[in-house]
Structures are given as C-alpha cells and as structure tokens.
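Since the structure comes first, as structure tokens, the remarks are kept for the end.
The values are calculated or read from the model by the stated rules, or taken from the named source; none is laboratory data. Computed from a predicted model, the values in this text were never measured in an experiment. Here the Cβ positions follow ideal geometry from the backbone for every residue, glycine too, while neighbour counts run over all protein chains shown. When the accessible area is computed, the model is the full protein with side chains, heavy atoms only, and any ligands, DNA or RNA have been set aside. Shrake-Rupley method; radii C 1.70, N 1.55, O 1.52, S 1.80 Å.
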Amino acid sequence: MSYKVQPPLWLRAFFRGAVWRKTKSEKCVYLTFDDGPVEKETLWVVELLKKYDIKATFFCVGENAKRHPHLMDVLLENGHSVGNHTFNHLPAWKCSRSAYFENIDKGKQYVPGQLFRPPHGQLYPWYMSALKKRFKEIVMWDVLAMDYDKRLSKQTVVNNVMNHVRNGSIIVFHDSRKAWERMSYALPICLKRLQKEGYTFKVFEM
Ligand SMILES: [Zn+2]
C-alpha cells in the first residue's frame, strides 16, 4: 500500500509541473486538508490547529464552500490558506476536458486563491498548461494519510503519516464526514509527534 501513501518517482516525473514535495533542506511539513468545508469536521480541525498554533492549506469543494460561506471566512480569519478542489469533486478521468475546466471555473466563484488540487489526484499531463494559466500551484502530495479508507484501522492512518513523513512533505488529511473517525483519531497524535520530532508547519501562499 505504501506506493499509494507515498507516490513513486515515475508518477511525480509524469506530472512534473505539479508540486509533490517542498524544500528537502528544511525540517518542515505542509499540512493539507481536502473535501471540506463541512460544519462539524472543518470547525473541529480549525480548533485543533489553533491549539497547536499550526496553519494549514484547505482544498475546498466549491459546492461545500457555496453552502457554508461562513466556514470559508473561519478558515481565512484563522490564517489558513484555501485552494480549489473543483466545484463537485469531479475526477478528471471521468469527464470531458471542457466539463472538467468548467467545473474548476465554477469552483473558483466560491473558493478564492491560486492553488489547485485535482480530486482523487486524477490529472492528464496535457491539462497542465491550462491549469497553470488558472493557478499558481498545482499541489499534489508526498504523504497520503488515507484517512478516508474505511478498511483501514485508525492506527494504520497514524502509521501512514509517521512512517513516511520527511523534510518538505506535503501531507493530506480530509476534513470530511467519511474520514472523520480515522482523521479525528490520527490527526492529534500525528501533530503531537511531528512537533516532538522537531517539524515546523508551513502553509501554501494563496
Ligand atoms: Zn478530494
């Protein structure tokens, strides 16, 4: 499973225009959350991050942002960054090029900024230039917690992060209902251990 948790080099090379990992020379990580904002889960994450004085980047689904504009305000007021995750969480391999970019542009109406992460990590290399015209950074990841996977134990989610994290890792959790049980268990443990190991937390500039 570790190929899924930590994407292999050939895949990263295939989507060279995207960012998978940041500065290797610095003991820092970039914490990211996908698929929100939703009432309970997003607010819980914001409170937890406040406790640890950590800023993160939230890749928001446009229709959630439309439904909960106050949650977008909460994220920004707390110093977090937000990024586009399409309007309907649309995977690139399941629709036409025009439908995909229309969905992204619709998401832009509700989610500000210059960051993008493709749902399910699905992308075509030949979409990259059109994405780069719309966004400053296409943000993939170095470590996937897999907190959304109901087949995994809570402890496996902790291990996914702690066994793969390294300098400059971009880490993905989900502030979603689906991930709640595993995320709410693993996130506090991971934050505590990452801070103890001396990692600092950085945020993507919007
Ligand atoms: Zn997603």
Expressed as a whole-number percentage, the relative contact order of the chain with C-alpha contacts under 8 angstrom and at least six residues apart is 32
Distance in nm between LYS40 and LYS178 label points, each 7 Å along Cα→Cβ, equals 1.7
Pseudo-spin-label distance LYS50 to HIS164, built 7 Å along Cα→Cβ, given in nm, is 3.1
Extension length gain for TRP93 and LYS154 (0.36 nm per residue less Cα distance), in nm, is 19.0 nm
With a 1.4 angstrom probe the carbon and sulfur portion of accessible area for the chain, in percent, totals 53
Ordered by number, the GluC sites (Glu not before Pro) in region 134-199 that occupy a DSSP loop and have at most 16 other Cβ atoms within 10 Å are GLU197
Distance in nm between ALA130 and LYS66 label points, each 7 Å along Cα→Cβ, equals 2.0
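Fully extended, how many nm does the chain gain between LEU76 and SER25 (0.36 nm per residue separation, minus their Cα-Cα distance)?
Length gained, LEU76 through SER25: 15.5 nm.
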quick note, the chain, DSSP beta bridge pairs, % antiparallel (nearest 5) is 5
The answer for trypsin sites (Lys or Arg not before Pro) in region 121-164 that fall in a DSSP coil and have at most 16 neighbouring Cβ atoms within 10 Å is LYS136, LYS150, ARG151
With every protein chain kept in place and a 1.4 Å probe, the chain has an accessible area per residue in Å² of 46
Mean projected area, convex hull of alpha-carbon positions in the chain, reported to one decimal in nm², is 10.5
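Before rounding to the nearest 500, sum -39500 (n - 2.57) across all DSSP H runs of length at least 4 in the chain and divide by the residue total; then give [θ] at 222 nm in deg cm²/dmol.
When only DSSP H runs of four or more count, the value is -11500 deg cm²/dmol.
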Cross-link reach from LYS50 to lysines, straight Cα distance under 22 Å and at least 8 residues apart if same chain, gives LYS27, LYS40, LYS192, LYS196, LYS202
Checked against the positive end of the charge dipole of the chain (+1 on Cβ of Lys and Arg, -1 on Cβ of Asp and Glu, about the Cα centre), the farthest of MET128, ILE171, ALA99 is MET128
Once Lys and Arg are counted +1 and Asp and Glu -1 for all other residues with Cβ under 12 Å from that of TRP180, the total becomes 0
